[in-house]
Amino acid sequence: MTVAPDRTMRSMRDWPVVFPPPYEGSRIPTRVPTILDVPAELLATDDVLQINFGPNHPSTHGVLRLIVDLDGEQVVGLNAVIGYLHTGFEKTMEHKTWWKCVTYPERIDYVGYQNAELVFVLAVEKLLELEVPEKATWMRTLLCELNRIHSHLVFLGTSALELGAISMFWYCFREREMILDLYEMVAGARMHTRYFQVGGLAEDIPPGFFPECRTFVEWMPHALDDYLALLDRNAIWLERTKGVGLLSPEDAIALGQTGPNLRASGVDWDLRRDEPYLAYGQVDFRVPCYPNGDVYDRYRVRMDEMAESVRIVDQCLRRLERLEGKPWIADDRKVVLPPREELHTSMESLIHHFKIVTEGFRVPEGEIYVAIESPRGESGCYLVSDGGPKPWRVHFRAPSFAALEATATCMQDALIADLVAIVGSLDAVMGDTDR
Amino acid sequence: MTWDALPGFVELKESFGETTVTIETGRIREACERVRSEGFTFLADIVATDYLGWGHKGVSGYIGTASGRDLNHPSTQGYQALPQLKPKRFSLSYHLLAMRQPPERVRLQCWLDEDEPVESVVSVWPTADWHEREQFDLMGIRFEGHPNLARLLLPDDWDGHPLRKDYPLGGEPVRFSDAE
């Protein structure tokens, strides 16, 4: 069965529609797609050493366990074991009202927390068919892009640290600190803000936020130049990242890769541009895409994305400054808490406040899947509501979960030292993987 | 794409701007192969939902009940409308994406009774490997033809499937309880 390639796709290079393995040139293991088996002839030689990498190892970004078979320094077998951070969030959320559920997604992807919160809130709003005010939409866009920079900084700092470039870690965390300060200013919390509410934002944007944010926007491009100067001409960094951990575009799609991992394999796909949500249809940005699918390209995609995110933040700031004094949350009293000051004067408001807090609002019956482009790729939220005050079923499509499915494919022909570079470059957050 | 030409087509539903195509349980892999060859090369997610006790009174974790106000739980009004009944206990949804302009999404869905197996789609999309293992682990859906159907997130010796509705919250065995 052959299918003509889809020519309508805006891609850096032509790539065919994916076939299941074995298709020509696929590197996905054929027995189990996520397990790299030791070749039978090697097993017979008794030279293979099996080691256990993780689950508690500083460079596994949490608790990832890799069972690695080594022939000398060569990785010949690999099996990724996950679940050490499984927390049962999906089950817990079935027992909380919609209103209380908002805090949970943030703890699932705890580095891209703002995007995780957004996808849940967007899904509930879609079920409610709730209109969100313009100001909230732009502020959400701004915070999500700050969060993207934050997430990529953590990626860059830690993966460079693991390859020996210790100073990168300090530089990246210096700028990360600036972002966390901005979050603290807006929401009172540095991470896990719960600033997005069903209907809009929890509070108005505080005075003084715009100048602080502008300082960051002006500073960040210089910081990015610093990173490039430190890494991009660093012979050791280039040596350890170029041509390592290859993933072809066909394999990347077949393995469900999304986000920077997919774009580093030459597939020009970004939900912000291709399925615009929030205000992404109205801002100008470029989607970086690199063709080689190695560790270096995954790093370059994220570097370029940070620069683009700064541009988006800048455009959001300009827009938000014009929206001062506008409402930040929808005016639907059946869903949104009434303003605090009304509680002293209006009986109606008091009743609504009481009902929403004690019983929670009701969400119409239905099922829904909403996907956004989180820093790690397609982050999806599947909701089922039976019309009651609590979700019937919540499920998250975790980009890190899919990213780790590609470890066995990327690790072929790799050395044990590359393992750290490859796992780091896939940028999986274990909370997101295990939920 | 004409959905009713899919193998095992049962029903087409549009809601909240999303397309849901119900497929006969026995022909889901065939249908998946067909949609993939039509350009749906990307499998975003496989998710099962347990509808045990859907719309009934007294399901764990519910304040509102189908029959209306519950005297034992003040300040509840019950459902405003009874939810629509489901054909079988479990629904299994495949969220697919066609990466083209404009992008297209579809949800293929099939319905399963308890202990009813379904054919694996790992041969169609390799990424289904872990998604199916997760649904087996947490929901107890058996995927036939899966190359490695083992628990994924929970320990291998775990009892039961926690996301099922008859698995209570806090239901894991406690070692030193009074009962012993």
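The values are calculated or read from the model by the stated rules, or taken from the named source; none is laboratory data. All figures in this text were calculated on a predicted structure; none of them were measured in a lab. With ideal geometry, Cβ positions are generated from the backbone for all residues, glycine too; neighbour counts draw on all protein chains shown.
For the residues A:Glu134, A:Glu145, A:Glu117, A:Glu90, the requirement of being within 12 Å of another protein chain (Cβ to nearest Cβ) and not aliphatic (A, V, I, L, M) singles out A:Glu90. Checked against (1) assigned to a helix (DSSP H, G or I); (2) over 16 Å from A:Arg376 (Cβ atoms); (3) away from chain B (no Cβ under 14 Å); (4) β-branched (Val, Ile, Thr), A:Thr193 passes all but a single condition, namely (1). Of all residues in region A:408-435, those satisfying the criterion of being at the interface with chain B (Cβ under 10 Å from one of its Cβ atoms) and of a type in the set (D, E, K, R) are A:Asp434, A:Arg435. Here is a list: A:Glu342, A:Glu348. Which entry is in a helix (DSSP H, G or I), in contact with a helix residue (DSSP H, G or I) (Cβ under 8 Å, 6 or more places away or on another chain) and among the acidic types (Asp, Glu)? Every option except A:Glu342 fails the conditions.
Taking region A:312-331 as the range and being charged (D, E, K, R), more than 15 Å from A:Arg214 (Cα to Cα) and either touching an Asp or Glu at 6+ places or on another chain (Cβ under 8 Å) or part of a helix (DSSP H, G or I) (or both) as the test, only A:Lys326 passes.
With respect to the conditions (1) closer than 21 Å to A:Ala307 by Cβ; (2) of a type in the set (Val, Ile, Thr); (3) at pLDDT below 90, A:Ile166 falls short on a single one, namely (1). Total residues in region A:355-407 satisfying the condition of being in contact with a strand residue (DSSP E or B) (Cβ under 9 Å, 6 or more places away or on another chain), within 30 Å of A:Asp71 (Cα to Cα) and at the interface with chain B (Cβ under 10 Å from one of its Cβ atoms): the figure is 3. If you go through region A:328-351 and pick out every residue that is crowded, with 21+ Cβ neighbours inside 10 Å and farther than 30 Å from A:His152 by Cα, you end up with 1. Comparison of A:Asp181, A:Asp204 shows that the only residue that is at pLDDT below 90, among the charged types (D, E, K, R) and over 30 Å from A:Leu78 (Cα atoms) is A:Asp204.
Looking only at residues in region B:112-144 that are in a loop (DSSP other than H, G, I, E, B) and without any contact (Cβ under 8 Å) to a residue 60 or more places away in the chain, the one that is nearest to A:Phe89 (Cα to Cα) is B:Gly140. The one condition from (1) closer than 21 Å to A:Val429 by Cβ; (2) assigned to a helix (DSSP H, G or I) that A:Thr137 does not meet is (1).
Taking region A:247-308 as the region of interest, the helices (runs of 4 or more DSSP H) fully inside it that hold 3 or more residues being modelled with pLDDT under 90 are A:249-254.
Checking each residue in region B:18-29 for being farther than 26 Å from A:Ala371 by Cα and among the acidic types (Asp, Glu) picks out only B:Glu24.
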